1. Between rounded, prolate and oblate, where does region 138-242 land on the alpha carbon gyration tensor, with a ≥ b ≥ c its root eigenvalues, rounded for a/c under 1.5, else prolate if a/b exceeds b/c?
2. Quick one: dipole size for region 15-122, taken about the Cα centre, charges +1 on Lys/Arg Cβ and -1 on Asp/Glu Cβ, in debye to the nearest 20.
3. Residue by residue, what Karplus-based ³J(HN,Hα) values in Hz, rounded to whole numbers, does region 78-87 have, using 6.51, -1.76 and 1.60 with θ = phi - 60° and x for Gly and Pro?
4. When the Cα centres of region 449-479 and region 502-525 are compared, how far apart do they sit, in Å?
5. Just subtract the alpha-carbon distance of Ile59 and Lys554 from 0.36 nm times their residue separation and send over the number in nm, one decimal.
6. Among the aspartates and glutamates, which have Cα under 14 Å from the Cα of Lys361 when same-chain residues fewer than 8 positions away are ignored?
7. Pick the calculated P(r) over Cα pairs in 20 Å bins from 0, in percent for this structure from (i) 20, 57, 22, 1; (ii) 16, 43, 30, 9, 2; (iii) 18, 48, 28, 6, 0?
8. If you place +1 on the Cβ of every Lys and Arg and -1 on the Cβ of every Asp and Glu, how big does the dipole about the Cα centre of the chain come out, in debye to the nearest 20?
Amino acid sequence: MNIFSKKLKIRNRFLIISLLFFIGIFFFLLGIEETGLIDETPPLFASAGKEMSQSGDWITPKVNGILRFDKPPLYYWLMALIYSIPGNQSWDQLGSLSARLPSALSSFFLFLILGESILHNHHKSNFKSHLALVSSLGFALSPLVIIWSRTAVSDSLLCGTVGISLLLFWRTFVENKSKNCILPWIFLSLAILTKGPVAVVIVVLTLSTFLSTQEDWKRLLFRIKPLQGLLITILISSPWYILVFLKEGQAFLNSFFGYHNLQRYTSVVNNHSEPWWFFIYMMIIGSLPFSIFLVHGIFETLKEFITDCRRETKNESSLYLFSLCWLFSILIFFSISATKLPSYWLPATPAAAILIAKSAKELLNRSKNISIVWSFTSLILLGLSIALLLSNNWLVLINDPEMPNLVDEILEARLILKARIFIFSLTILSFVFVFKFLPRSILFLQMLFLVGQFSIMNPIRNITDNLRQAPIRNISQKIRDLRKSSEPLAMVGIRKPSLHFYSQQIVFYESNSPIGIINLSERFEKDKRINYSDSPNYSSDSFLVVIDKYSLDKSNWKNIKRKELAVYGIYNLIRVDRVEIKKYSSNFQKKGLKSDWKKEKPEKF
């Protein structure tokens, strides 16, 4: 009987993980190559990865001929590996698959491990399969996860490596098997190679907070072998930092540690200033439309912690308490930070998903409070439905100069109508659940949300790509066709790093102001950057300029003699003689204006 039960348990676990595997492929990997890279950060990551692949320099990240120490190299390395596969350009023509795959796979594997962790935690429960699905889908359906899992930046990779590391640490606490304590430290080292010291802070804060709630914290700390683990982490993560410091010296320290870590945390960078409660707001937004389940899960976990005097890791509630410590650690740490971005909350989404499963567990037990939870969920969905019904009032407020036809495209694709039907249907169902509790109601709602979002999100991505990014790709191809004698290339006005990525040329980005003209004239003489694949001919008599129509209408550029070559969307491709730009530059300098391109700009590209 015991053997039969064990085989049945293994089979059920295999079936749930298999189901999550196919859902994950459908959700995270399907169609990630269909649209181009979205400006402005993803093309910078992709350019660094492609540069590593082409140049063979896997130590120093570079973009557009400039050192880029925005992040450590792991995400660049993963992209570079894919870009290095023979024939890459034939099956990844947009470069999106290679750039986004590390993000997608990070979320995919974390999605599976979340479900497996719930199965492990509730091995004696009849509802373990249900809770595993709820937890994994609670993570996948977070608006933040939906966005960043298909974005070629390192945030999802940090979420994946930190999330897997913390879940493995919890598993080590529960299983009492010290031989398994090495793996979480390895994932921590990968997280350090993804985003640096912040990974250590998140993990250490979470572990310290959780251990402080346990009476036998010394024994638990011994299980994870901190000295051995720290040694492994240092051995894996430190070589790159040492090598790049020996190679680049103070420039690396000032950029990576000085600006991108210390300055970002202690002062506001790029106007990303938000109130202290910003991440409480992100906690709610990041779990929509199941936010009230998260709040209920937090409340129930706190209540159990206060009333349960045992506080043992073998208790089923230990995973929920661990997740609460995880969530609060990130909430407090980033709330103190001066610079605040929505993506900073992403590493907390796995913990939020587990706490949503905690609320679902109470639903299965038919808790008295669950009617309140469902009522608030219904109100959230009702609010979304009302907002969609009033769409004519707020659609007119959308005014993106890069996509002047966006509203017309949305209406033509009937996306608002689809969204109205979809959200209104979920609202009706949620009201039914208020009066008739179905044990698996949250899972039903999640599955509908999973399928329904594809009918809305994919068309939105395609419309945005066609209006915003396709013109840049088309003009990049035109540049390769029309460029003569390796002319230098400049972009004036709206700055799009994707132009460098798709044209594979050094691009001089400047404003449409008179100082921008002075800068261009000087930079062609003095700022002679080198591109691995095709460096510009700085002695050329002419240069190419990609300029948006708004900048072209300004007097600074309107009167400059030029040859019109192509127009794509709001962007014009023109050819300008060097003599012409020097003439205007001299005129502006006579008026007392001076260049400023030599000023140190940490975010320049």
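1. oblate
2. So the magnitude is around 180 debye.
3. In residue order, the calculated couplings are 4, 5, 4, 4, 6, 5, 7, 5, x, x Hz.
4. Each part's Cα centre sits 28 Å from the other's.
5. Gain on stretching Ile59 to Lys554: 173.9 nm.
6. Glu300, Glu304, Glu316
7. This structure yields the entry labelled (iii).
8. 700
The values are calculated or read from the model by the stated rules, or taken from the named source; none is laboratory data. What you see is a predicted model; the values in this text were computed from it and never measured. Using ideal geometry, Cβ is built from the backbone for each residue, glycine included, and neighbour counts are taken over all protein chains shown. The accessibility values were calculated without ligands, DNA or RNA, using every heavy atom of the protein model including side chains. Shrake-Rupley method; radii C 1.70, N 1.55, O 1.52, S 1.80 Å.
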